[in-house]
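Report on the structure given below.
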Amino acid sequence: MSVSKEEVQYVAGLAKLHLNEDEVEILSRDMNSILSYMERLNELDTSDVEPLEHVITLGTDYRKDEARDALDHDKALQNAPDADSDYFRVPKVIE
């Protein structure tokens, strides 16, 4: 399988890219190089390879899901830059 210059120009048009003739030539060559590499990879025997989600095994560092007491109202407002007795005050964003 190979990518023609016309196909590169078509895809560039879909992406609203304006490419000159040199750029079309370079992209066509690069895309064909990538496809030929993918064909080489398809020749490998991967029947004994287990599918992976990620190359590195990532551990999960989740905390336990436990019920806790709610934060005290006064303590929640303690670090607010601007608050009245009951609420956080924030700048008005809707006029």
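Every read-out reported here was derived from the displayed coordinates using simple, explicitly stated rules and does not represent laboratory data. Remember, it's a predicted structure, so these values are computed and weren't measured experimentally. All Cβ positions, even for glycine, are placed from backbone atoms using ideal geometry, and neighbour counts span all protein chains on display.
Backbone phi angles across segment 68-82, fed through the Karplus curve with coefficients 6.51, -1.76 and 1.60 (θ = phi - 60°), yield HN-Hα couplings of 10, 5, 5, 5, 4, 4, 5, 5, 5, 7, 4, 9, 5, x, 8 Hz in residue order; Gly and Pro are listed as x. Using the Cα coordinates of the chain, the gyration tensor eigenvalues translate into equivalent-ellipsoid semi-axes of 56, 30, 9 Å, sorted from longest to shortest. With a cap of 13 neighbouring Cβ atoms within 10 Å, and only residues DSSP puts in a loop, list the trypsin sites (Lys or Arg not before Pro) found in segment 50-95. Those satisfying the criteria are R63, K64, R68, R89, K92. Between the amide H of A83 and those of R89, distances stay under 5 Å, these residues lying 5 or more places away or on another chain, with hydrogens modeled in the peptide plane. Springs between Cα atoms under 10 Å define the GNM used for the chain, and in it the highest mean-square fluctuation of L19, L71, L44 occurs at L71.
What are the aspartates and glutamates whose alpha-carbon lies under 16 Å from the alpha-carbon of K16, with same-chain residues fewer than 8 places away excluded? Answer for K16, where 16 Å is the Cα cut-off: E6, E7, listed by chain and number.
What does the helix-only formula give at 222 nm for the chain: each DSSP H stretch with n ≥ 4 adding -39500 (n - 2.57), the total divided by the residues, and the result rounded to the nearest 500 deg cm²/dmol?
Numbers: 3 runs with 38 residues, N = 95.
The helix contribution divided over the chain gives -12500 deg cm²/dmol.
Helix 5-14 and the longest principal axis of the C-alpha atoms of the chain enclose an angle of approximately 20°.
For the residues M1, M31, M38, what sequence is obtained by ranking on other C-beta atoms within 10 Å, fewest first? Walk me through the intermediate numbers first.
Details: M1 7, M31 16, M38 10.
Ranked by crowding around the Cβ, least crowded first: M1, M38, M31.
Across segment 39-49, computed HN-Hα scalar couplings (Karplus, 6.51 cos²θ - 1.76 cosθ + 1.60, θ = phi - 60°) run 5, 5, 5, 5, 6, 6, 7, 10, 5, 9, 9 Hz from first to last residue, x flagging Gly and Pro. Restricting the trypsin sites (Lys or Arg not before Pro) of segment 1-53 to loop positions (DSSP other than H, G, I, E, B) with no more than 14 neighbouring Cβ atoms within 10 Å leaves K16.
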